[in-house]
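*Asks:* Can you read through this structure? Questions will come right after.
The values are calculated or read from the model by the stated rules, or taken from the named source; none is laboratory data. The structure displayed is predicted, hence computed values, not measured ones. Note that each Cβ is placed from the backbone with ideal geometry, even for glycine, and that neighbours are counted across all protein chains shown. Note: accessible area is taken over every heavy atom of the protein model, side chains too, but ligands, DNA and RNA are not part of it. Shrake-Rupley method; radii C 1.70, N 1.55, O 1.52, S 1.80 Å.
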Amino acid sequence: FKTCPGRVLCKLPCSGEKEVDLAVQSAKAAFKIWSQMSGMERCRVMLEAARIIREQREEIATMETINNGKSILEARVDIDVSWQCLEYYAGLAGSLAGEHIQLPGGSFGYTRREPLGVCVGIGAWNYPFQIACWKSAPALACGNAMVFKPSPFTPISVLRLAEIFTEAGVPKGLFNVVQGGAATGQLLCHHPDVAKISFTGSVPTGMKIMEMAAKGIKPVTLELGGKSPLIIFSDADLENAVKGALMANFLTQGEVCCNGTRVFVERKILDTFTKEVVKRTQKIKVGDPLLEDTRMGALINQPHLNRVQGFIKQAKEQGAQVLCGGDLYVPDDPKLKNGYYMRPCVLGNCKDDMTCVKEEIFGPVMAILPFDTEEEVVERANATKFGLAGGVFTRDIQKAHRVVAALKAGMCFINNYNVSPVELPFGGYKFSGFGRENGRAAIEYYSQLKTVCVEMGDVESVF
């Protein structure tokens, strides 16, 4: 692989009805074998897959950088999170169990936690490899099979994951990959042998998937968009808060669903905070994502770059002030001249009713908004259809806990932002979706409970 911004990496055929059915039937056959294995047997295979990913970290991270455009530094973190996710669920696989309940007269009941069957994972283009691991690890730990469809913009690295699962010893076909866009996704959602759908992506697509799943009474997990608030109180550690704001807005070129893009700053420190954020933002090195000192790579494609630029243009028209960045960036290296680069942007003089504050931009654009009181900022923070994440920076720990308790969001951060330990559930409220990835909570979404009631005496009959 070489960095090829603006050029074709490879061409892959889209999976049609025949290919989707073959993938599902292959997964169905593998499920019969995998689901009958003990949790410890599944654990060993998943640990082997994690080991391979860990050993091939650099190779996979390089592939992911070329696949997506993010910096190699971030791609390495993604790969680390991926193998950690597999290790975590491998550890849970051997402990999955129901419970025993004693009933009157020596009778008893028990529950069995059973797999669903063939699960479908539909990934997004911002974290291709990591999302595939987030979805497949709990699914496989519970005894399911998975058919995964990556975004057509980032089709490559998930194929390596499929190879790794095979090398680790899963039954042939247990983790299948199909390629394609909306039409392929529809075929997966409508397939009668698919038991569950897990989707990461946009709200409109999530709505369509939910509608399609409803026709087959299929459970869904939806991890959708966000317009998350980041609240900076005047008593916060300023240095830490500035770092948090950068982490909350500029990771993966700002193409992160849980980014804290509405930065509410207490008016007492507005000028000081804004000045420092602008200074730090201007120092972010944009360019070749494979270079060690690059901190921001290229956006995913030309249409998306145009969309982000359109938001900035509209923000200026509505009265926002571009404090830095927002313009296209052309690296000195001639081989990068066709890349989809822009300088990270900070917007000031923002108001709650501006489009740049209400809508998800999904690019490196931070909007700064002043506030005066805790009550006011909580109300404004919650005044959105989204509810994926939220953050608070303050030295007052009681205030921190009080504010995050009031935020209508599924993932909240105190004095940090955009950390996603695999041990903790990840997911949103409201239009940001439902269901959870990661943590023990994900087990609930990849398994089902069976109740068994055992009578030890004579049947009590009313007849």
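*Asks:* Only one of these is under 15 Å from MET46 (Cα atoms), in a loop (DSSP other than H, G, I, E, B) and of a type outside the set (A, V, I, L, M): SER82, SER95. Name it.
*Replies:* Values: SER82 fails: in a loop (DSSP other than H, G, I, E, B).
Result of the check over SER82, SER95: SER95.
*Asks:* Suppose we filter ASP396, ASP333 for residues that are open to solvent by 30 Å² or more (accessible area, probe 1.4 Å) and under 27 Å from LYS268 (Cα atoms); which single one remains? Give the derivation first.
*Replies:* Numbers: ASP333 fails: under 27 Å from LYS268 (Cα atoms).
Selected residue: ASP396, the only one of ASP396, ASP333 that is open to solvent by 30 Å² or more (accessible area, probe 1.4 Å) and under 27 Å from LYS268 (Cα atoms).
*Asks:* A further question follows. Those residues that are surrounded by fewer than 14 Cβ atoms within 10 Å (Cβ to Cβ) and part of a loop (DSSP other than H, G, I, E, B), I need them from the stretch 425-463; list them, please.
*Replies:* Within the stretch 425-463, the first condition is being surrounded by fewer than 14 Cβ atoms within 10 Å (Cβ to Cβ), and the residues that meet it are 449-463.
Listed by number, the residues that qualify are GLU455, MET456, GLY457, ASP458, VAL459, GLU460, SER461, VAL462, PHE463.
*Asks:* Now a separate question. Being at pLDDT 95 or above, open to solvent by 10 Å² or more (accessible area, probe 1.4 Å) and within 20 Å of the chain's Cα centre (by Cα), is that true of even one residue in the stretch 132-141? I'd like the intermediate steps shown before the answer.
*Replies:* Of the residues in the stretch 132-141, the ones at pLDDT 95 or above are 132-141.
Now drop any that are not open to solvent by 10 Å² or more (accessible area, probe 1.4 Å), which leaves 134.
Filter once more, keeping what is within 20 Å of the chain's Cα centre (by Cα): 134.
Yes, there is a match, as at least one residue in the stretch 132-141 is at pLDDT 95 or above, open to solvent by 10 Å² or more (accessible area, probe 1.4 Å) and within 20 Å of the chain's Cα centre (by Cα).
*Asks:* Is there a residue being open to solvent by less than 20 Å² (accessible area, probe 1.4 Å), assigned to a loop (DSSP other than H, G, I, E, B) and in contact with a strand residue (DSSP E or B) (Cβ under 6 Å, 6 or more places away or on another chain) anywhere in the stretch 158-181?
*Replies:* yes
*Asks:* Can you confirm whether LEU140 is under 20 Å from ASN438 (Cβ atoms), in the same structural domain as ILE66 (by the TED database) and touching a residue at least 12 places away in the same chain (Cβ under 8 Å)? Let's see the steps before the verdict.
*Replies:* Values: under 20 Å from ASN438 (Cβ atoms): yes; in the same structural domain as ILE66 (by the TED database): yes; touching a residue at least 12 places away in the same chain (Cβ under 8 Å): yes.
It is true that LEU140 is under 20 Å from ASN438 (Cβ atoms), in the same structural domain as ILE66 (by the TED database) and touching a residue at least 12 places away in the same chain (Cβ under 8 Å).
*Asks:* Follow-up. Tell me yes or no: at least one residue of the stretch 400-418 is open to solvent by 60 Å² or more (accessible area, probe 1.4 Å), assigned to a loop (DSSP other than H, G, I, E, B), among the aliphatic types (A, V, I, L, M) and closer than 22 Å to MET247 by Cβ.
*Replies:* Taking every residue of the stretch 400-418 in turn, none turns out to be open to solvent by 60 Å² or more (accessible area, probe 1.4 Å), assigned to a loop (DSSP other than H, G, I, E, B), among the aliphatic types (A, V, I, L, M) and closer than 22 Å to MET247 by Cβ.
*Asks:* Among the residues of the stretch 401-436, count how many are in contact (Cβ under 8 Å) with a residue 40 or more places away in the chain, within 26 Å of ILE209 (Cα to Cα) and out of contact with any strand residue (DSSP E or B) (no Cβ under 7 Å at 6 or more places or on another chain).
*Replies:* So the count comes out to 1.
*Asks:* While we're on this one: Give the residue that is farthest from ASN301 (Cα to Cα), with candidates limited to residues of the stretch 348-381 that are of a type outside the set (Phe, Trp, Tyr) and within 21 Å of the chain's Cα centre (by Cα).
*Replies:* LYS358
*Asks:* A further question on this structure: Regarding the stretch 82-89, can at least one residue be identified that is surrounded by 14 or more Cβ atoms within 10 Å (Cβ to Cβ) and of a type in the set (A, V, I, L, M)? Explain how you work it out, then say what you get.
*Replies:* First pass over the stretch 82-89, keeping only residues surrounded by 14 or more Cβ atoms within 10 Å (Cβ to Cβ): 82-89.
Subset that is of a type in the set (A, V, I, L, M): 86.
Among the residues of the stretch 82-89, at least one is surrounded by 14 or more Cβ atoms within 10 Å (Cβ to Cβ) and of a type in the set (A, V, I, L, M), which makes the answer yes.
*Asks:* Tell me, which residue of the stretch 317-330 that is open to solvent by 50 Å² or more (accessible area, probe 1.4 Å) and in a loop (DSSP other than H, G, I, E, B) is farthest from CYS350 (Cα to Cα)?
*Replies:* Checking each candidate, the answer is VAL330.
*Asks:* Where the second residue is among the acidic types (Asp, Glu) and the first is on the phi < 0 side of the Ramachandran plot and lies in the stretch 437-455, which pairs have Cβ atoms under 7 Å and are six or more apart or on separate chains?
*Replies:* GLU437/GLU223; SER447/GLU114; GLN448/GLU114; LYS450/GLU114
*Asks:* Residues in the stretch 255-263: is at least one assigned by the TED database to the domain that holds PHE371 and among the acidic types (Asp, Glu)? Write out each step before concluding.
*Replies:* Narrowing the stretch 255-263 to residues assigned by the TED database to the domain that holds PHE371: 255-263.
Still in the running and among the acidic types (Asp, Glu): 255.
Yes, the conditions are met somewhere in the stretch 255-263.
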